[in-house]
Every structure is written in structure tokens, then in C-alpha cells.
Amino acid sequence: MTDESRATNPKQRRQVPRPAEIFELMRFKAPELDATKRRLDAALTIDDLRTIAKRRTPRAAFDYTDGSAEQEISLARARQAFQDIEFHPQVLRPAEHVDTSTTVFGGPSALPFGIAPTGFTRLMQTQGELAGASAAGAAGIPFTLSTLGTTSIEDTKAANPTGRNWFQLYVMREREISYELTRRAAASGFDTLFFTVDTPVAGARLRDKRNGFSIPPQLTPGTIAGAIPRPWWWWDFLTTPKLQFASLQSTGGTVGELLNAAMDPTISLDDLTVIRDLWPGRLVIKGVQTVEDSHRLVDAGVDGIVLSNHGGRQLDRAPVPFHLLPDVVREVGRDTEIAIDTGIMSGADIVAAIALGARFTLIGRAYLYGLMAGGRAGVERTITILTDQITRTMQLLGVASLPELTPAHVTQLHRLTPRRRD
Ligand SMILES: Cc1cc2nc3c(=O)[nH]c(=O)nc-3n(C[C@H](O)[C@H](O)[C@H](O)COP(=O)(O)O)c2cc1C
């Protein structure tokens with residue numbers, strides 16, 4: 001051994017381990033006896049909640065939620081787009097206390113996201129919309145009930161009596177059904193109506209076809225085999241009120257077949273005029289996918305737009321809403337409020353969207369993974385995970401409130417660029 005290596009590897013004097021020192025190192029937490037809490041506390045990300053959800057939910061129900069249309073390219077690209085950003089932190093700016101609150105569509109929200117409308121929600125977990133609405137109310141964020149929901153307008157209001165409830169409208173072939181729902185939502189104090197416009201016909205949800213998934217769910221050899229490892233889901237399903245649409249009559253078939261029977265591919269700007277007259281609150285169009293349409297809708301007098309491709313469940317290879325955002329903000333951002341959804345899996349995604357000019361964001365699957373992982377407590381876990389991620393990202397960026405976020409905080413990196421058309 002050289003003198004030099006002896007100097008860097010000095011011989012340590014060994015001692016007999018002392019019990020007092022060992023006890024000092026021991027930190028045994030009291031075991032968590034509540035299995036749901038134990039399961040949810042172990043989830044640190046929305047992806048972790050997805051893993052738990054997948055384990056606990058029969059395949060057809062999980063796939064109905066997790067899946068999207070055709071080759072599922074739209075959703076994969078939307079999620080990738082959020083990952084393909086670079087943040088630019090600004091240092092030596094105090095951000096000890098972060099204010100995550102905002103206002104959107106004429107009212108407050110404690111956080112820059114709300115819960116998106118989802119159909120057939122009690123299929124995922126029987127608490128369904130009641131869990132979503134009450135957890136949203138407790139967190140001070142808006143909850144959106146779908147036309148294809150499994151809880152009535154009035155029961156949703158009762159679950160979230162003082163918070164903000166929004167209603168999502170499909171204008172259906174039988175217009176009177178849609179008009180009546182609009183009137184009921186207004187009478188129950190819902191303050192904002194989302195008119196969804198990206199469903200002239202249903203997208204091809206191939207996982208549903210392959211799983212033989214139908215509404216109402218059928219007991220087939222496949223579903224019975226899927227039940228065996230998830231007895232608690234089936235127990236819950238069979239001992240709670242029947243799963244059905246709260247506002248529609250269902251006649252059997254896949255969700256796609258039901259959508260095709262109910263939707264009207266001839267809806268147009270004329271329908272917007274009728275709804276405008278019926279609805280006293282804010283009117284927002286959900287499913288906008290081009291700059292041109294944003295202009296058309298602002299000219300038609302809407303109060304807001306949601307850039308969305310329906311979580312990739314309609315047109316596959318549709319524009320990525322997050323890519324569209326900067327252009328739409330530049331063109332119509334001064335005239336209307338712009339919200340965005342599709343692909344949000346982290347609070348950092350939300351911060352990036354706000355920095356690029358979105359007023360608000362919506363979460364679909366992130367909420368449903370939480371619901372499937374643990375009912376209302378699972379939805380609360382989703383909200384907590386996203387809140388922590390938003391707060392931490394803002395602090396690391398040196399930002400103490402949402403209005404301080406600007407496009408200078410984010411660069412969208414290019415993975416796919418259009419070929420030049422000469
Ligand atoms: C299971 C499921 C059901 C949905 N049902 C509806 C619906 O009834 N009406 C609607 O406008 N959007 C519906 N959506 C789309 C969501 O409102 C939202 O646009 C989408 O989930 C956002 O993408 P994300 O899941 O990546 O957050 C649904 C989405 C999912 C995952």
C-alpha cells in the first residue's frame with residue numbers, strides 16, 4: 001500500500017454495537033390498519049393509482065376507462081407532449097407560500113384543475129359521481145357531471161351542495177331530452193354548461209369490442225373468469241343500486257353503439273343558438289381542435305372553449321390539445337377563457353398548461369384511476385398528489401401564484417414536426 005492510499009483509506013477502529021445506539025435508529029411507525037388508506041398512501045403518482053386501479057377492477061371496466069379509440073395514438077401523443085417540455089426555473093425568487101387558486105368561468109377554484117365529465121362512472125367504482133362531486137367540493141374545485149352519468153343532476157348537487165357543479169351536455173337526436181336536462185341543471189344551480197362537440201358519431205373503442213363489453217354489463221364466461229380474482233368489486237357491484245344511466249334509457253350494446261344511437265351527426269351552430277337561449281349561466285364548448293373553430297365559436301358568443309380530443313376516445317391521430325394551446329391563446333385568448341384537457345397525468349402538466357396561457361385544466365382518467373383505486377378516498381388522493389406536484393413545481397420555478405407563470409417558464413420540445421408542403 002502506498003503512503004497516499006493509506007492516507008485515503010485510514011483504518012477504522014471497530015467497536016461492539018451498543019444497544020442504546022441501535023434503539024435510536026429504530027423508527028417503527030404504528031401500522032396503518034385501514035387497508036384503503038394503506039393502499040392509497042403508497043401511491044405517489046397518478047401512474048401508481050392506475051396500477052392499483054388495474055389490479056382492483058375487472059378488465060372490461062378498467063379498459064373502458066383506460067382505453068381510447070382505434071390505435072390509441074391520440075392519447076399516447078397527448079401524454080408524450082406533456083412529457084416533452086423543458087421548464088425554465090427562475091432563481092432567488094421567494095416562493096415559500098404558493099397560491100394555487102384561480103377564477104374560471106365566472107367563479108373561484110382553489111386549484112387550476114377541475115374534474116372532467118365522464119360517462120358511466122359507477123361502473124368503475126360504485127360510489128361514482130357522488131365520490132367525485134363530494135371530493136371536488138371538499139377541495140374547492142369544480143365537478144362536471146356528464147349527460148351519460150350514472151348519478152342524477154339533483155343527487156350530484158346534494159353531494160356537492162356548496163361547491164361548483166358544471167353540467168356536460170350532449171345534444172342528442174331527441175333534442176327535447178337534451179333541453180330538459182339543460183333546464184334541470186340550471187334549476188339545480190349548476191353554473192356552467194359544457195356543450196361537447198367532438199362526438200358526431202362514436203369513436204372506435206376497440207378494447208370494448210374485444211372485451212365484449214356492453215351496457216348493461218353482461219355475465220359471460222369471460223366476465224365470470226375476470227370476477228374470480230376481484231371478489232370485492234363484484235360484491236360492491238351486486239350490493240349497491242343498479243348501474244344505469246341516470247338521464248338516459250339504455251337499450252343494450254357497447255358504449256359506442258349507444259352513443260351512435262343517441263348522437264346526432266347533424267348538430268351545428270344553430271344548436272348552439274338554441275342552447276344559448278335555454279342556459280342562463282356560462283356556456284363553454286368542449287372538444288375544440290383547430291384555431292379556425294376557436295375563432296368561429298368566439299364570434300358565435302361562447303363564454304369559453306375547452307381544447308380537447310376527448311382523451312383520445314374519438315378521432316385517433318387528432319391534434320394534440322397541448323400543442324394547439326399557444327396558437328389558440330394567441331388568436332382568441334383575449335376574447336375568451338381557454339381550458340384544456342387530454343393527457344394530464346401530473347401536476348407539472350397542469351403548471352405547463354397554465355404557463356402557456358390556459359386558464360384552467362380538466363382531469364378525466366387521473367380522477368377515475370383514483371376512484372377505481374379507492375372510491376372517494378381515492379379521488380382525494382388524486383387531488384392531493386396533483387396539488388403537491390403543482391405546488392412543488394411552482395416553488396422550484398420560483399413562482400408564488402398562477403398569474404406569475406408565463407410562456408418563458410416552458411419550452412415545448414419537438415418530437416413530431418409537420419413535413420413542409422412546397
Ligand atoms: C371513461 C371516460 C368517459 C368519458 N365520458 C365523457 C362524456 O360523457 N362526455 C364528455 O364530454 N367527455 C367524456 N370523456 C372525456 C373527458 O371529459 C375528458 O375530455 C378526457 O378524459 C380528458 O383526457 P384524460 O382522461 O387524459 O384526462 C370521457 C373520458 C373517459 C376516460
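Per the Kirkwood formula on distinct C-alpha pairs, the Rh of the chain is how many angstrom? Each step should come with its number before you reach the end.
On the way: mean 1/r = 0.0434 Å⁻¹.
When all Cα pairs of the chain are included, the Kirkwood radius is 23.0 Å.
For a 26 Å ceiling on Cα separation, which of these pairs sit above it: Lys157/Lys242; Lys54/Lys209; Lys209/Lys242; Lys54/Lys157?
Details: Lys157/Lys242 20 Å; Lys54/Lys209 19 Å; Lys209/Lys242 23 Å; Lys54/Lys157 30 Å.
Going by Cα-Cα distance, Lys54/Lys157 fall outside the 26 Å limit.
Put the Cα centre of region 212-254 next to the Cα centre of region 66-126 and the gap is 29 Å. When both region 352-406 and region 281-349 are represented by their alpha-carbon centers, they are found 18 Å apart. Paramagnetic label reach from Arg421 (point 7 Å along Cα→Cβ; backbone nitrogen cut-off under 15 Å): within region 318-338, residues 319.
A simple charge model with +1 on the Cβ of Lys and Arg, -1 on the Cβ of Asp and Glu and nothing else charged puts the dipole of region 259-365 at about 360 debye relative to its Cα centre. Evaluated with a Cβ-only charge set (Lys, Arg +1; Asp, Glu -1), the chain carries a dipole of roughly 1560 debye about its Cα centre, given to the nearest 20. Charging the Cβ of each Asp and Glu at -1 and of each Lys and Arg at +1, and nothing else, the dipole of region 161-279 about its Cα centre rounds to 480 debye. In the elastic network of the chain, a GNM with C-alpha springs shorter than 10 Å, the most mobile of Ala225, Ala159, Ala246 is Ala225. Mind running the shape call on region 261-348? Use the C-alpha gyration tensor, a ≥ b ≥ c as the square roots of the eigenvalues: rounded below 1.5 for a/c, prolate if a/b tops b/c, oblate otherwise. In terms of gyration-tensor shape, oblate. Extension gain for Trp235-Arg18 works out to 72.9 nm (0.36 nm per residue, less the C-alpha to C-alpha distance). Computed over the alpha-carbon pairs of region 164-206, the distance histogram in 10 Å steps reads 27, 46, 23, 4 percent, short to long. For trypsin sites (Lys or Arg not before Pro), the sites in region 310-355 that DSSP calls loop and that have at most 15 other Cβ atoms within 10 Å are Arg317, Arg334. Where only DSSP H runs of four or more residues are counted, the chain gives -13000 deg cm²/dmol as its mean residue ellipticity at 222 nm, each run worth -39500 (n - 2.57).
Laboratory data are not the source of any read-out in this text; all were calculated from the coordinates shown. These figures come from a predicted structure and were not determined experimentally. Using ideal geometry, Cβ is built from the backbone for each residue, glycine included, and neighbour counts are taken over all protein chains shown.
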